[in-house]
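> Once you've had a glance at the structure underneath, I'll fire off some questions.
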Amino acid sequence: MASPSRGEDRTAALSLQLSSAHQDLRRRLAGLRANLGRPRPDGDGDDALRAHCLAFCTALTSHHQGEDDGLFARLLRERPDLAPTIAKLVEDHGLITRILTRVRDLADRAAATEPGTGLEAIGRELDGLAAIMDSHFGYEERALRAALDAGVHDDGWSAPVLRFRAPPAPAPGNPSP
(Lines give C-alpha, C1' and ligand atoms only; values in the text may rest on other atoms or scores of the structure.)
Protein backbone atom coordinates (compact mmCIF):
# COMPACT_ATOMS: atom_id res chain seq x y z
CA MET A 1 0.00 0.00 0.00
CA ALA A 2 1.42 3.35 -1.01
CA SER A 3 1.68 5.98 1.66
CA PRO A 4 -0.26 9.19 1.05
CA SER A 5 1.54 12.30 -0.06
CA ARG A 6 1.84 15.31 2.23
CA GLY A 7 -1.08 16.92 0.39
CA GLU A 8 -3.21 13.83 0.96
CA ASP A 9 -2.24 13.75 4.65
CA ARG A 10 -3.44 17.34 5.00
CA THR A 11 -6.65 16.60 3.12
CA ALA A 12 -7.42 13.57 5.24
CA ALA A 13 -7.14 15.74 8.32
CA LEU A 14 -9.56 18.43 7.12
CA SER A 15 -12.53 17.06 9.05
CA LEU A 16 -10.40 17.06 12.20
CA GLN A 17 -9.22 20.60 11.49
CA LEU A 18 -12.82 21.73 11.00
CA SER A 19 -13.79 20.11 14.33
CA SER A 20 -10.84 21.84 15.99
CA ALA A 21 -11.89 25.23 14.56
CA HIS A 22 -15.41 24.64 15.87
CA GLN A 23 -14.03 23.75 19.30
CA ASP A 24 -12.06 27.00 19.33
CA LEU A 25 -15.22 28.97 18.57
CA ARG A 26 -17.10 27.09 21.30
CA ARG A 27 -14.33 27.94 23.79
CA ARG A 28 -14.40 31.61 22.80
CA LEU A 29 -18.18 31.76 23.28
CA ALA A 30 -17.95 29.91 26.62
CA GLY A 31 -15.37 32.45 27.80
CA LEU A 32 -17.56 35.34 26.73
CA ARG A 33 -20.56 33.83 28.53
CA ALA A 34 -18.55 33.02 31.66
CA ASN A 35 -17.19 36.56 31.95
CA LEU A 36 -20.46 38.34 31.20
CA GLY A 37 -21.21 40.65 34.10
CA ARG A 38 -17.95 40.02 35.92
CA PRO A 39 -16.25 43.20 37.00
CA ARG A 40 -13.08 43.93 35.03
CA PRO A 41 -9.95 44.73 37.05
CA ASP A 42 -9.14 47.59 34.67
CA GLY A 43 -12.54 49.20 35.29
CA ASP A 44 -13.24 49.06 31.55
CA GLY A 45 -16.34 46.87 32.02
CA ASP A 46 -18.76 47.49 29.18
CA ASP A 47 -16.09 48.64 26.73
CA ALA A 48 -14.26 45.37 27.41
CA LEU A 49 -17.53 43.51 26.91
CA ARG A 50 -17.97 45.25 23.54
CA ALA A 51 -14.40 44.38 22.57
CA HIS A 52 -14.84 40.72 23.50
CA CYS A 53 -18.22 40.54 21.74
CA LEU A 54 -16.71 42.17 18.66
CA ALA A 55 -13.75 39.78 18.65
CA PHE A 56 -15.95 36.72 18.99
CA CYS A 57 -18.54 37.95 16.46
CA THR A 58 -15.78 38.76 13.97
CA ALA A 59 -14.14 35.34 14.36
CA LEU A 60 -17.42 33.46 13.91
CA THR A 61 -18.48 35.64 10.98
CA SER A 62 -15.08 35.17 9.29
CA HIS A 63 -15.38 31.41 9.74
CA HIS A 64 -18.88 31.27 8.25
CA GLN A 65 -18.07 33.61 5.35
CA GLY A 66 -15.05 31.43 4.57
CA GLU A 67 -17.31 28.40 4.50
CA ASP A 68 -20.02 30.05 2.40
CA ASP A 69 -17.69 31.71 -0.12
CA GLY A 70 -14.91 29.12 -0.15
CA LEU A 71 -15.40 25.65 1.25
CA PHE A 72 -19.09 25.29 0.38
CA ALA A 73 -18.59 26.76 -3.10
CA ARG A 74 -15.74 24.30 -3.68
CA LEU A 75 -17.78 21.38 -2.32
CA LEU A 76 -20.71 22.27 -4.60
CA ARG A 77 -18.39 22.16 -7.62
CA GLU A 78 -16.86 18.86 -6.58
CA ARG A 79 -19.88 17.26 -4.88
CA PRO A 80 -23.17 18.64 -6.25
CA ASP A 81 -24.98 15.88 -4.33
CA LEU A 82 -24.28 17.91 -1.17
CA ALA A 83 -26.42 20.87 -2.37
CA PRO A 84 -29.33 20.24 0.06
CA THR A 85 -26.95 19.86 3.00
CA ILE A 86 -25.01 22.98 2.08
CA ALA A 87 -28.25 24.94 1.61
CA LYS A 88 -29.24 23.99 5.19
CA LEU A 89 -25.84 25.02 6.52
CA VAL A 90 -25.99 28.38 4.73
CA GLU A 91 -29.49 28.90 6.14
CA ASP A 92 -28.10 28.24 9.64
CA HIS A 93 -25.37 30.81 8.99
CA GLY A 94 -28.06 33.41 8.28
CA LEU A 95 -29.81 32.61 11.56
CA ILE A 96 -26.53 32.81 13.47
CA THR A 97 -25.71 36.13 11.77
CA ARG A 98 -29.02 37.59 12.97
CA ILE A 99 -28.23 36.52 16.55
CA LEU A 100 -24.73 38.01 16.30
CA THR A 101 -26.25 41.28 15.12
CA ARG A 102 -28.53 41.33 18.18
CA VAL A 103 -25.57 40.58 20.47
CA ARG A 104 -23.54 43.43 18.91
CA ASP A 105 -26.49 45.82 19.23
CA LEU A 106 -27.09 44.85 22.86
CA ALA A 107 -23.38 45.20 23.70
CA ASP A 108 -23.30 48.64 22.06
CA ARG A 109 -26.37 49.73 24.05
CA ALA A 110 -24.88 48.33 27.26
CA ALA A 111 -21.71 50.36 26.68
CA ALA A 112 -23.75 53.53 26.04
CA THR A 113 -25.81 53.23 29.23
CA GLU A 114 -25.16 52.57 32.89
CA PRO A 115 -22.64 49.76 33.48
CA GLY A 116 -24.26 46.35 33.70
CA THR A 117 -27.38 47.41 31.83
CA GLY A 118 -28.59 44.81 29.34
CA LEU A 119 -26.33 41.99 30.49
CA GLU A 120 -29.29 39.68 31.09
CA ALA A 121 -30.50 40.15 27.51
CA ILE A 122 -26.99 39.58 26.16
CA GLY A 123 -26.73 36.43 28.26
CA ARG A 124 -29.99 35.07 26.84
CA GLU A 125 -28.81 35.73 23.28
CA LEU A 126 -25.46 34.07 23.99
CA ASP A 127 -27.18 31.05 25.55
CA GLY A 128 -29.36 30.67 22.47
CA LEU A 129 -26.36 31.16 20.20
CA ALA A 130 -24.42 28.46 22.05
CA ALA A 131 -27.26 25.96 21.58
CA ILE A 132 -27.63 26.76 17.88
CA MET A 133 -23.88 26.72 17.27
CA ASP A 134 -23.50 23.35 18.97
CA SER A 135 -26.27 21.82 16.87
CA HIS A 136 -25.02 23.48 13.67
CA PHE A 137 -21.39 22.48 14.19
CA GLY A 138 -22.30 18.87 15.01
CA TYR A 139 -24.49 18.56 11.91
CA GLU A 140 -21.87 20.20 9.68
CA GLU A 141 -19.10 17.92 10.95
CA ARG A 142 -21.19 14.77 10.46
CA ALA A 143 -22.58 15.81 7.07
CA LEU A 144 -19.27 16.91 5.55
CA ARG A 145 -16.79 14.51 7.18
CA ALA A 146 -16.72 11.99 4.33
CA ALA A 147 -16.47 14.67 1.63
CA LEU A 148 -13.66 16.47 3.47
CA ASP A 149 -11.73 13.28 4.14
CA ALA A 150 -12.14 12.15 0.51
CA GLY A 151 -10.32 15.30 -0.53
CA VAL A 152 -11.39 18.84 -1.34
CA HIS A 153 -9.17 21.07 -3.42
CA ASP A 154 -8.02 24.00 -1.30
CA ASP A 155 -8.01 27.07 -3.49
CA GLY A 156 -7.50 29.31 -0.45
CA TRP A 157 -10.73 28.59 1.41
CA SER A 158 -9.01 26.91 4.37
CA ALA A 159 -7.44 30.01 5.94
CA PRO A 160 -10.66 31.81 6.94
CA VAL A 161 -12.43 28.55 7.78
CA LEU A 162 -9.73 26.88 9.84
CA ARG A 163 -7.48 29.73 10.99
CA PHE A 164 -9.84 32.66 11.41
CA ARG A 165 -8.58 35.60 13.38
CA ALA A 166 -10.30 38.02 15.63
CA PRO A 167 -9.40 41.69 15.49
CA PRO A 168 -6.91 42.83 18.11
CA ALA A 169 -8.44 44.14 21.32
CA PRO A 170 -8.39 47.93 21.58
CA ALA A 171 -5.67 49.53 23.64
CA PRO A 172 -6.67 50.38 27.22
CA GLY A 173 -8.55 53.64 27.31
CA ASN A 174 -9.42 53.50 23.59
CA PRO A 175 -12.99 52.53 22.73
CA SER A 176 -13.55 49.55 20.50
CA PRO A 177 -14.69 50.22 16.94
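The values are calculated or read from the model by the stated rules, or taken from the named source; none is laboratory data. Keep in mind the model is a prediction, meaning the values are calculated, not measured. Because the Cβ atoms are built from the backbone with ideal geometry, glycine has one as well, and the counts that use them run over all protein chains shown.
> Can you tell me which residues in region 15-31 are under 15 Å from TYR139 (Cβ atoms) and charged (D, E, K, R)?
Selection gives ARG26 alone.
> Okay, next question. Could you check region 1-43 and list, in sequence order, the residues that are modelled with pLDDT of 50 or more, surrounded by fewer than 11 Cβ atoms within 10 Å (Cβ to Cβ) and small (Gly, Ala, Ser)?
Answer for region 1-43, where residues must be modelled with pLDDT of 50 or more, surrounded by fewer than 11 Cβ atoms within 10 Å (Cβ to Cβ) and small (Gly, Ala, Ser): ALA34, GLY43.
> Give me the pairs, please: first residue somewhere in region 146-157 and under 13 Å from GLU67 (Cα atoms), second residue anywhere and in a loop (DSSP other than H, G, I, E, B) and modelled with pLDDT of 90 or more, beta-carbon distance under 9 Å, and either six or more positions apart or on two chains.
Cβ pairs passing all conditions: VAL152/ARG79.
> Hey, does region 122-130 have a residue that's part of a helix (DSSP H, G or I), surrounded by fewer than 14 Cβ atoms within 10 Å (Cβ to Cβ) and of a type in the set (A, V, I, L, M, F, W, C)?
Looking for residues that are part of a helix (DSSP H, G or I), surrounded by fewer than 14 Cβ atoms within 10 Å (Cβ to Cβ) and of a type in the set (A, V, I, L, M, F, W, C), one finds none in region 122-130, hence no.
> While we're on this one: Applying the selection to region 80-116, what residues are of a type outside the set (Val, Ile, Thr), surrounded by 13 or more Cβ atoms within 10 Å (Cβ to Cβ) and at pLDDT below 95?
LEU100, ARG102, ARG104, ASP105, LEU106, ALA107, ASP108, ARG109, ALA110, ALA111, PRO115, GLY116
> Quick check on my filter: what residues within region 104-123 are among the basic types (Lys, Arg) and within 18 Å of the chain's Cα centre (by Cα)?
Residue satisfying the conditions is ARG104 alone.
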